[in-house]
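Below is one structure, written out as structure tokens; comments come after it.
A short reminder: the numbers here are calculations on the coordinates, not readings from a lab. Computed from a predicted model, the values in this text were never measured in an experiment.
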Ligand SMILES: C[S@@+](CC[C@H](N)C(=O)[O-])C[C@H]1O[C@@H](n2cnc3c(N)ncnc32)[C@H](O)[C@@H]1O
């Protein structure tokens, strides 16, 4: 796996687990790493059996009373073949009682992902076991919206739509959608936006977008985020967004990077409107601040943090380049190990590349 993916996965895993820790009501926080080995299973096309024993569960006082067994919701936009949901459960099986996870992508991608889940016994068993565990707690919100013509795979009522592109379960949902349809303004002549079964409006929610929104025009991605922040998960639901995005398209390295992608037919219209961490932070603050009296704020380069809000309303954002993460969050021994694994000869090039990708986090409380 490439170094950039490792660093990105490490920081986003940490932000996800931080979010879970803040909202799930555990007595003892979960460790905020899913271990280095876990990141090897980067796609469901190459699932790994656990190469290390799963971490022991933290000292939770089970059974927790239902009132303290809080649910958290995670929505992954353009999830592709990402396996974070499975890695979370592999390392923290009891999260099945707390999580509601959604992945959104084009039908062609979701079809392949669902087929991969069905094909790989390790992944499928992990899902079935987690689904049983979630159902056994009796706290799973009842969706009441299962696909009407789905195939019932058995004891946990996983439903897969007849065309194979949607998987529906209270715990885990794969939605085949074009994200552009979700932010489109409704009109009497246009089709209504697609519905997302099992999406809950009032559960603390983390939205993830890893190298996805940059493929959409800026107005479309902002409309999409706004639709989630104001219609699907309106205030006062706590909402957080974590994005991984390319940066600095206008310097020499950025131009070369773009030209290389363009030669492979890949364009990233979003990067012009949001060329740095500041621009991303401002956009997230504006979107998350909608519906409140205060105005948006800014995120600054190098992890600086901005804040706004009046009274109890608060919107904040922060951001790091992948280089910031490498410099400040990966320890010396781990850096050496990774350099050997990756055979990083061109340190200069890696540093340049790492400065051209960033992780931005915005949240409202
Ligand atoms: C570069 S991949 C990233 C996949 C995954 N997030 C990861 O980090 O491994 C971008 C993903 O966004 C999805 N995507 C891009 N535009 C989309 C749209 N309009 N609707 C749904 N999915 C979209 C692509 O199909 C693809 O799976």
- Could you list, bin by bin from short to long, the percent of Cα-Cα pairs of the range 174-285 in 10 Å steps? 13, 41, 31, 13, 2
- By the C-alpha gyration tensor axes a ≥ b ≥ c (rounded if a/c is under 1.5, else prolate when a/b exceeds b/c, else oblate), the shape of the range 66-133 is oblate
